[in-house]
Amino acid sequence: QRKVVENKADIGIALDGDADRVVLVDEKGNIVDGDKILAIAAVHFKNKGKLEKDTVVTTVMANAGFDEAMHKHGIKVVRTAVGDRYVIEEMHKDKDTLGGEQAGHIIFGKYTTTGDGTLSGLQLVSMMQQAKKSLSELAQVMTSFPQILLNVKVKEKKPLETLPKLRTAVEAGEKELAGKGRILVRYSGTENLCRVMVEAKDTKLITKIAEAIVSAVQQEIGVK
């Protein structure tokens, strides 16, 4: 972010260790995450008539603002479990051409069979040139809802639906959100963690709801 601003660059491209994921930085130094990259690409291809079945595949972790943006442009969103392999499986099943996840795996199905951060960065550069717009302008296609993600260390992974205090806390949270937000509680696939995600436009509200759910998880299966 600092180097992009210092060098007056048009875009920054940050890759992870094996370069299958990418996060971009716009010319103002703001981060453009996987959700926004996918939203930009989906709208670009839809406008060019190149988005197969006007459908994009993402995971349950995608921000609610992504769905809102896609709905405005008449694009169908299909959600999968967390992990790029599930996104790819869904794309293969329905022959979709674009998918990805918030963490930066973006799959351009017409060019590759998996996430490729370098390719994703170059695709966005191409879209900027074609649209004659800066990355910050393109990123305005989507406004992210505030999102809080908390992790709870757990001693065991009981089925979440069997935890009464957790069910009560989630139901109370959903009632407070009144359909204008989202709660997602799931176990990590690799660690003894329960992940609690809440998103809505009210930051104070989502913090309160997330903390109540975390407390319920700690009481029932948390590490003392």
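The values are calculated or read from the model by the stated rules, or taken from the named source; none is laboratory data. None of the values given here were measured: they were computed from a predicted structure. Quick reminder, even Gly has a Cβ in these numbers, built from the backbone with ideal geometry, and neighbours come from all protein chains shown. All accessible areas refer to the heavy atoms of the entire protein, side chains included, with ligands and DNA or RNA removed. Shrake-Rupley method; radii C 1.70, N 1.55, O 1.52, S 1.80 Å.
Going by what's in this entry, would VAL43 be described as out of contact with any strand residue (DSSP E or B) (no Cβ under 7 Å at 6 or more places or on another chain), crowded, with 22+ Cβ neighbours inside 10 Å and touching a residue at least 24 places away in the same chain (Cβ under 8 Å)? Spelling it out, VAL43 is indeed out of contact with any strand residue (DSSP E or B) (no Cβ under 7 Å at 6 or more places or on another chain), crowded, with 22+ Cβ neighbours inside 10 Å and touching a residue at least 24 places away in the same chain (Cβ under 8 Å). Within segment 9-41, the residues that satisfy the criterion of being aliphatic (A, V, I, L, M), on the phi < 0 side of the Ramachandran plot and in contact with a Ser or Thr (Cβ under 9 Å, 6 or more places away or on another chain) are ILE11, ILE13, LEU15, VAL22, LEU24, VAL32, ILE37, LEU38, ALA41.
ILE107 meets the conditions (1) modelled with pLDDT of 95 or more; (2) under 16 Å from the mean Cα position of the chain (by Cα); (3) surrounded by fewer than 19 Cβ atoms within 10 Å (Cβ to Cβ); (4) over 17 Å from GLU137 (Cβ atoms) in every case but one. The failed one is (3). Screening segment 23-132 for helices (runs of 4 or more DSSP H) wholly inside it with 1 or more residues that are within 22 Å of LYS201 (Cβ to Cβ) and touching a helix residue (DSSP H, G or I) at 6+ places or on another chain (Cβ under 6 Å) returns the ranges 34-47, 64-72. Can you find a residue that is buried (at least 21 other Cβ atoms within 10 Å of the Cβ) and at pLDDT below 95 anywhere in segment 80-89? The answer is yes, given that some residue of segment 80-89 is buried (at least 21 other Cβ atoms within 10 Å of the Cβ) and at pLDDT below 95. Counting only strands (runs of 3 or more DSSP E) that sit completely within segment 139-206, those holding 2 or more residues that are within 14 Å of GLY65 (Cβ to Cβ) correspond to 181-187, 193-200.
Assessment of segment 172-182 against the conditions (touching a helix residue (DSSP H, G or I) at 6+ places or on another chain (Cβ under 9 Å), in contact (Cβ under 8 Å) with a residue 60 or more places away in the chain and open to solvent by 20 Å² or more (accessible area, probe 1.4 Å)) yields at least one matching residue.
Would you please name the residue that is farthest from the chain's Cα centre (by Cα), looking only at residues in segment 111-131 that are among the small types (Gly, Ala, Ser) and open to solvent by 20 Å² or more (accessible area, probe 1.4 Å)?
By that ranking, first place goes to ALA131.
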